[in-house]
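Here's the structure, in structure tokens; my notes come after.
Derivation of every value follows stated rules applied to the coordinates shown; laboratory data play no part. All values derive from a computational prediction rather than experimental measurement. Backbone-built Cβ (ideal geometry, glycine too); neighbour counts: all protein chains shown.
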């Protein structure tokens with residue numbers, strides 16, 4: 001398990017709701033309506049669309065534009081993995097001030113109730129700051145043309161991350177083998193142990209860095225053990241949830257897939 005706190009520390013949250021709202025959409029079209037109507041997605045698009053226009057206006061395309069696109073695509077899953085670990089870190093007290101950033105607080109609420117879209121997608125304020133930082137930072141580092149190309153790629157990564165994450169928290173049934181892998185591992189992250197399975201668009205990163213494990217060899221975390229809520233029905237130990245012995249709400253669609261994680 002990656003260290004996101006001392007084993008003796010009490011959990012910062014307790015899971016209290018299912019993976020997906022049983023009343024939510026179960027088609028790609030339905031999920032897309034939710035995704036593109038949300039403020040977080042619109043913040044990304046409001047920054048991305050003008051950036052694309054600016055890049056076209058600047059012109060002067062170079063082979064390095066394609067190189068930056070390739071580098072960003074390869075690096076993005078690793079960035080997601082690191083960011084996900086960081087927002088799982090416990091609040092830190094520095095010089096008498098508690099450091100507990102908004103994305104971390106929102107992410108804990110997401111683990112408490114994964115069905116709430118506002119907590120599933122990144123906070124709009126955070127996305128706005130990341131968009132500004134990408135434009136300014138890449139512009140200073142790479143210059144106007146390549147800097148805008150890099151910022152566009154980062155925005156596209158953000159869209160892919162939000163879409164993938166939201167999709168795992170809906171009743172949409174995975175069709176591709178890759179997406180079944182993404183969904184299984186993220187379900188285990190929520191209902192088996194939040195100290196493993198941090199990846200989103202690239203679950204292979206967990207394999208490379210050791211945060212992917214056989215779920216039968218991973219202890220159920222205290223945060224996942226206490227699961228009782230009106231949303232979820234009676235208290236259900238998370239090992240029952242991921243083994244498929246208990247099927248409630250949207251978990252019915254996931255249980256068989258999680259059973260076969262090691263297959």
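Do we have residue 76 as more than 16 Å from residue 156 (Cα to Cα) and in contact with a helix residue (DSSP H, G or I) (Cβ under 7 Å, 6 or more places away or on another chain) here?
No, not satisfied.
Quick one: residue 23 ticks every box in (1) over 27 Å from residue 174 (Cα atoms); (2) in a loop (DSSP other than H, G, I, E, B); (3) without any contact (Cβ under 8 Å) to a residue 12 or more places away in the chain except a single one, so which number is it?
It is condition (1) that residue 23 fails.
So, in region 140-169, how many residues would count as being in a helix (DSSP H, G or I) and closer than 22 Å to residue 56 by Cβ?
Final tally of qualifying residues: 20.
If the requirement is being crowded, with 19+ Cβ neighbours inside 10 Å, in contact (Cβ under 8 Å) with a residue 60 or more places away in the chain and over 16 Å from residue 159 (Cα atoms), which of these qualifies: 15, 43, 31?
Sole residue among the options that is crowded, with 19+ Cβ neighbours inside 10 Å, in contact (Cβ under 8 Å) with a residue 60 or more places away in the chain and over 16 Å from residue 159 (Cα atoms): 15.
In region 90-113, what residues are touching a helix residue (DSSP H, G or I) at 6+ places or on another chain (Cβ under 7 Å) and loosely packed, with under 14 Cβ neighbours inside 10 Å?
If the condition is that a residue be touching a helix residue (DSSP H, G or I) at 6+ places or on another chain (Cβ under 7 Å) and loosely packed, with under 14 Cβ neighbours inside 10 Å, then 102 is the only one that fits.
Name the residue, out of 87, 82, that is exposed (fewer than 15 other Cβ atoms within 10 Å of the Cβ) and under 18 Å from the mean Cα position of the chain (by Cα).
Selected residue: 82, the only one of 87, 82 that is exposed (fewer than 15 other Cβ atoms within 10 Å of the Cβ) and under 18 Å from the mean Cα position of the chain (by Cα).
Mind counting the residues in region 87-106 that are over 15 Å from residue 12 (Cα atoms) and outside any loop (DSSP other than H, G, I, E, B)?
Count: 3.
Okay, residues lined up against (1) more than 18 Å from the chain's Cα centre (by Cα); (2) closer than 19 Å to residue 46 by Cβ; (3) without any contact (Cβ under 8 Å) to a residue 12 or more places away in the chain:
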residue: 107; (1), (2), (3): no, no, no
residue: 133; (1), (2), (3): yes, yes, yes
residue: 142; (1), (2), (3): yes, no, no
residue: 180; (1), (2), (3): no, no, no
residue: 193; (1), (2), (3): no, no, no
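Looking at region 158-215, which of its residues are surrounded by fewer than 20 Cβ atoms within 10 Å (Cβ to Cβ) and on the phi > 0 side of the Ramachandran plot?
210, the sole residue that qualifies.
Residue 50 is checked against (1) under 29 Å from residue 183 (Cβ atoms); (2) part of a helix (DSSP H, G or I); (3) without any contact (Cβ under 8 Å) to a residue 24 or more places away in the chain and fails just one. What number does that condition carry?
Result: residue 50 passes all but (1).
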